[in-house]
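K.L.:
Before I ask anything, here is the structure I am working with.
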Amino acid sequence: MYRFFDRIQHMDRRWIFLGMALAILIPMLFPITFEFKVDERVQALYDSVEEIEPGSTIFLSADFDPASRPELEPFYRANLHHLFRNDVKVVMATLWEFAPPLILPIMEEIAAVHGKEYGTDWAYLGYKPGKELAIKAIGENIPKTFPKDYRETPTTDLPIMRGFKQAKDFAMIVNVSAGFPGTREYVLQIQGQYDLKVASACTAVSGPDYIPFYKAGQLTGLSAGMPGSAQYEKLVFPDGPPEGIRLLATQGINVLNLGHLYVILLILLGNIGYFLTRATDAPSGGKGG
Amino acid sequence: MEALPNATLFGAWISIFLTLCVLSFLYDDNPVYKLAEHLFLGVSIGISITEIWYGVFQPNLTDKLMPGTSVPSWTPAMFLVMAAAVLVVTFADARRRPGEAGEDGLRLGLLALVGLAIVAVLGQMLYGWFQSSVGEPWDRYRALSFFPLVLVAMLFMKLSRKHSWLARVPIAFIVAAYAGVKLTGEANANLMTQVAQTMPDMSASWAEHGLWNWEKDGAGVISDVFVVVGLASCLIYFYFSAPAKGAIAWVSRFGILVLMLSFGASFGYTVMGRISLAIGRAQEMLGLDRPAVEVAQIHPRIASVVSLLIIVALLVVWRRRGGGDVSPEGAAG
Amino acid sequence: MRSTFPLVLTFLVGMFMIGEFFIPHWRYHVVTAELLEWGLILAAAAFVLGLINLVQVNLPKVIERSTDWQYKSVMLIALFCTLAAGFGGGIERQSAGQAYKWLFDFLFVPLNATMFALLAFYIASAAFRAFRARNLEATLLLGAAILVMVARVPMGENLPLLGDKLPQFMNWIMDVPNIAARRAIFIGAALGAVATGLRVILGIERSHLGAD
């Protein structure tokens, strides 16, 4: 037993990588599904969108890139279905330079499914760099910050933008945030100053950081990571997805079962081996990982 | 459903191939990975600059300086032609004077590009101004936008050793703007609101949850007190200006334990986030992210196997030619 | 003058932006909106400076055939092809069938996503090699991590005997100790940000202006 643990303490890390790959591939090829419950924070997010009056307009800041697609794209898609189904109008923009080619085709696809017309039911104002300055500018004056939309139509000429000059004019801000700039900056820069309703979908890494904002009432709802997106998908499509819609977060969340178990097993094996071997060996840690 | 275009089919296979090229780094740092990495760098910077042009420079600067649609917006093509000319001149100069001259030549060339760009913008403005078809109302021509144009030109003086001091002005502007907005934002949202929300309404909490409510994940008076005590303990731990002794040391230690619980939870979420990213790639390689009709045309699983075989073959050739660190210590580390 | 004017400008712009939070008069906000737009343009220009610096560093290496010049030439070719596709496509560049869209969907997306997906493997390796319960603090950290990893996935809500007790306890950790710790960190960071912001605006901190 001692020799076994001593060997695995020094094993080539590529075996660990292979194990991780199998822990991901096996449940994808042979899926086992479990039921899951909806978090209070995700439920609050869903409820806050449900409370928006039909015909109102929200501001959607889709700030994610391909690296965070598995965690956030499912939420983004489900949220657009939810908003359009409830006849809520959407004005979208982004603060991430790698988002536009990702978010615009999805928006066009889902708007077409719901028969929504550009300029009247939805609009995409484009990308703006500048991080906190851009968010501050959105709070101050949206037509000045985004003089034209992505089709180079003056923003003030869009029917959907009539009467909407500042962030506070919208019923709500929904921020799909993969990092910086994102939800934190929206909360810091304009949520408090203008007393805005802000809901956030973020990556799992940011989840623990944004929970205090939710608890303090600065966020009306919070979805964190792939589980959050899966729970939101469950709420938006309680009877399962309609034809042609794939629930990728729901599909992916059950793969996390084995992945997490594998990491826990590694931690336990590593610690057991460490305690068994340290009595007789010099410390062999610090070989990197 | 109609057949997917050949470009899409080819692209889907390239996508899977490149995914495995990057994953080959798990075996070892190898030329296949390096190629993919440099390709990524080039494409990502190209996308950044393109989106920045269409996101900011065009709508917020050049469109405001140059009157309306009567002037053809051939500015991007013009910049690219000038960039190509400058690079050719720089290349020739560097070939004549290798070594340090290459960098000086490039610096001069790029400064010339900046100067030409400003001249081109001003020239377009004058062209539009005198053109008879220009009937734009005055408020579409924003003279005020000259100032950011001048600031941008000053920023690009950073490229010149002699005149780089001019860049201090726009840098001072940006830094001051960020400092100002960050100061008020942090003070309001992170400091005041968070402190205010930490003060619990004990009577309301007792009325709603009592001491401890399992149904509401442990909400209640005990948890409220824990938050306040935990927050205070952590803040006391963060006070490093004096050594923690006696009772302060005990409180500080409790603060560390609270921090460890939080960091542990963060680690759990981080693991979840990272594995989710790998799940996304696996979904693409197994064709689980596309409709069945597209999968039937693309055959992603076949593409994955073929790509894997090609990359393994390339790695074998690379190893046989003496590439990489083959020692067990190197592999284990 | 070379140092004084930027310092004065820092003070004026910084104080103006601070005032934006407190002064609701519309004329004040017209000016701040203009200043914010200038800031956006300059922030974007800084990106372009980065591009120029990249070409400045790598192009001579390609010309002189120094180390890894082949990879750098691939990078520069990919850069210029993407710029050409982006500017050539114009406002339609993100539409289906455009070269820019193809480069984004089939080159950038898999490369970007997989670079980050590598982290899943490295975090597994780090978990095995580095996370040791050497003392009480480390044990608490590992315990909380394992609890979150079990309770956050569907399997953790369906364990025999425990039922949904684990998710409840995990939610308690997120809602109580996590909040206490994060708020402490936020408060500390906010104090630091306020102090640093004031130092910059008042000219005490001048490192951003470079040496005289």
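The values are calculated or read from the model by the stated rules, or taken from the named source; none is laboratory data. The shown structure was predicted, so the numbers you read here are calculated from the model rather than taken from an experiment. Methodologically, a virtual Cβ is constructed for each residue, glycine included, from the backbone with ideal geometry; neighbour enumeration extends over all protein chains shown.
K.L.:
Which of the residues belonging to segment A:12-25 are more than 7 Å from every other protein chain (Cβ to nearest Cβ) and either more than 31 Å from the chain's Cα centre (by Cα) or farther than 18 Å from B:L23 by Cα (or both)?
P.N.:
Within segment A:12-25, just A:W15 meets the criteria.
K.L.:
If you don't mind, another one. Pairs, please: C-beta under 7 Å, at least 6 apart or cross-chain, first residue at the interface with another protein chain (Cβ under 8 Å from one of its Cβ atoms) and free of Cβ contacts under 8 Å to residues at least 60 places away in the same chain and in segment B:219-232, second among the polar types (S, T, N, Q) and part of a strand (DSSP E or B)?
P.N.:
B:A219/B:N213
K.L.:
Which numbered condition in (1) of a type in the set (G, A, S); (2) part of a helix (DSSP H, G or I); (3) modelled with pLDDT under 95 is the only one that B:S304 fails?
P.N.:
Checking B:S304 against (1) of a type in the set (G, A, S); (2) part of a helix (DSSP H, G or I); (3) modelled with pLDDT under 95, the one that fails is (3).
K.L.:
Here's something else I'd like to know. Check A:I58, A:I32 and return the single one that is part of a loop (DSSP other than H, G, I, E, B), β-branched (V, I, T) and more than 12 Å from chain B (Cβ to nearest Cβ).
P.N.:
A:I32
K.L.:
Scan C:A126, C:A133 and give me the residue that is more than 8 Å from chain B (Cβ to nearest Cβ) and either basic (K, R) or assigned to a helix (DSSP H, G or I) (or both).
P.N.:
Exactly one residue qualifies, and that residue is C:A126.
K.L.:
Further question on the same structure: Please name all residue pairs, on different chains or six or more residues apart, with Cβ atoms under 8 Å, provided the first residue is in segment A:110-129 and is in the same structural domain as A:V88 (by TED's automatic domain parsing) and the second residue is assigned to a strand (DSSP E or B) and modelled with pLDDT under 95.
P.N.:
Note: pairs meeting the criteria are A:G126/A:K148.
K.L.:
Scan segment B:205-216 and tell me whether some residue there is surrounded by 11 or more Cβ atoms within 10 Å (Cβ to Cβ), more than 41 Å from the chain's Cα centre (by Cα), more than 11 Å from every other protein chain (Cβ to nearest Cβ) and among the small types (G, A, S).
P.N.:
Yes: one or more hits.
K.L.:
Hey, any hits in segment A:36-53 for a residue that's among the hydrophobic types (A, V, I, L, M, F, W, C), more than 30 Å from A:P159 (Cα to Cα), buried (at least 21 other Cβ atoms within 10 Å of the Cβ) and modelled with pLDDT of 95 or more?
P.N.:
Yes, the conditions are met somewhere in segment A:36-53.
K.L.:
Still on this structure, I have one more. All but one of (1) over 30 Å from A:F34 (Cα atoms); (2) surrounded by fewer than 21 Cβ atoms within 10 Å (Cβ to Cβ) hold for C:Q168; which doesn't?
P.N.:
Condition not satisfied by C:Q168: (1).
K.L.:
Could you identify the single residue in B:E2, B:E37 that is charged (D, E, K, R) and in contact with a helix residue (DSSP H, G or I) (Cβ under 9 Å, 6 or more places away or on another chain)?
P.N.:
Step by step, each of B:E2, B:E37 is checked, and only B:E37 is charged (D, E, K, R) and in contact with a helix residue (DSSP H, G or I) (Cβ under 9 Å, 6 or more places away or on another chain).
K.L.:
Looking at A:A134, A:A78, which is the one that is touching a Leu at 6+ places or on another chain (Cβ under 7 Å), touching a residue at least 40 places away in the same chain (Cβ under 8 Å) and crowded, with 24+ Cβ neighbours inside 10 Å?
P.N.:
A:A134
K.L.:
Return yes or no: is A:I245 within 21 Å of A:I106 (Cβ to Cβ), at the interface with another protein chain (Cβ under 8 Å from one of its Cβ atoms) and touching a residue at least 12 places away in the same chain (Cβ under 8 Å)?
P.N.:
No; evaluated as a whole, the condition is false for this residue.
K.L.:
State all residues of segment B:167-204 that are in a helix (DSSP H, G or I), surrounded by fewer than 19 Cβ atoms within 10 Å (Cβ to Cβ) and more than 7 Å from every other protein chain (Cβ to nearest Cβ); if no residue qualifies, say none.
P.N.:
Passing the criteria: B:M192, B:A196, B:M202, B:S203, B:A204.
K.L.:
In segment A:191-204, how many residues are modelled with pLDDT under 95 and either surrounded by fewer than 24 Cβ atoms within 10 Å (Cβ to Cβ) or touching a Cys at 6+ places or on another chain (Cβ under 6 Å) (or both)?
P.N.:
The number of residues fulfilling the criteria is 5.
K.L.:
Taking B:F263, is it at the interface with chain C (Cβ under 10 Å from one of its Cβ atoms), within 27 Å of B:V22 (Cβ to Cβ) and either out of contact with any helix residue (DSSP H, G or I) (no Cβ under 9 Å at 6 or more places or on another chain) or without any contact (Cβ under 8 Å) to a residue 60 or more places away in the chain (or both)?
P.N.:
Taking the combined requirement at face value, the residue does not satisfy it.
K.L.:
When segment B:25-40 is examined, which residues are found to be out of contact with any Gly (no Cβ under 9 Å at 6 or more places or on another chain) and closer than 19 Å to C:M75 by Cα?
P.N.:
B:F25, B:V32, B:Y33, B:K34, B:L35, B:A36, B:E37, B:H38, B:L39, B:F40
K.L.:
Still on this structure: Residue under question is A:V187, and the condition is that it be free of Cβ contacts under 8 Å to residues at least 40 places away in the same chain, among the β-branched types (V, I, T) and surrounded by 24 or more Cβ atoms within 10 Å (Cβ to Cβ); does it hold?
P.N.:
yes
K.L.:
So is B:V295 closer than 27 Å to A:N257 by Cβ, in a helix (DSSP H, G or I), β-branched (V, I, T) and at pLDDT 95 or above or not?
P.N.:
Here the answer is no, as B:V295 does not meet what is asked.
K.L.:
Would a scan of segment C:102-110 turn up a residue that is buried (at least 17 other Cβ atoms within 10 Å of the Cβ), at pLDDT 95 or above, more than 9 Å from chain B (Cβ to nearest Cβ) and assigned to a helix (DSSP H, G or I)?
P.N.:
No - not one qualifying residue is present in segment C:102-110.
K.L.:
For the subset of segment C:199-212 comprising residues that are more than 7 Å from every other protein chain (Cβ to nearest Cβ) and part of a helix (DSSP H, G or I), which member is nearest to B:Q197 (Cα to Cα)?
P.N.:
C:R199
K.L.:
Then there is this: Could you tell me whether A:V42 is assigned to a helix (DSSP H, G or I), touching a residue at least 12 places away in the same chain (Cβ under 8 Å) and within 14 Å of another protein chain (Cβ to nearest Cβ)?
P.N.:
Taking the combined requirement at face value, the residue satisfies it.
K.L.:
Here is a follow-up. Mind checking which residues of segment A:138-157 are in contact with a Phe, Trp or Tyr (Cβ under 9 Å, 6 or more places away or on another chain), closer than 24 Å to A:P101 by Cα and not charged (D, E, K, R)?
P.N.:
Across segment A:138-157, the qualifying residues are A:I138, A:I142, A:P143, A:Y150, A:T155.
K.L.:
Here's something else I'd like to know. Restricting attention to segment A:62-88, report how many residues are within 14 Å of chain B (Cβ to nearest Cβ), of a type outside the set (A, V, I, L, M) and farther than 20 Å from A:K234 by Cβ.
P.N.:
5
K.L.:
Output yes when any residue across segment A:255-272 is assigned to a loop (DSSP other than H, G, I, E, B) and either more than 10 Å from every other protein chain (Cβ to nearest Cβ) or out of contact with any Ser or Thr (no Cβ under 8 Å at 6 or more places or on another chain) (or both), and no when none is.
P.N.:
The answer is no; no qualifying residue exists.
K.L.:
Pick out the one residue from A:A216, A:A230, A:A178 that is in contact with a helix residue (DSSP H, G or I) (Cβ under 6 Å, 6 or more places away or on another chain), within 14 Å of chain B (Cβ to nearest Cβ), closer than 30 Å to A:R13 by Cβ and modelled with pLDDT of 90 or more.
P.N.:
A:A178
K.L.:
Go through (1) in contact with a helix residue (DSSP H, G or I) (Cβ under 6 Å, 6 or more places away or on another chain); (2) of a type outside the set (D, E); (3) buried (at least 19 other Cβ atoms within 10 Å of the Cβ) and name the single condition C:A99 misses.
P.N.:
Just one mismatch for C:A99, condition (3).
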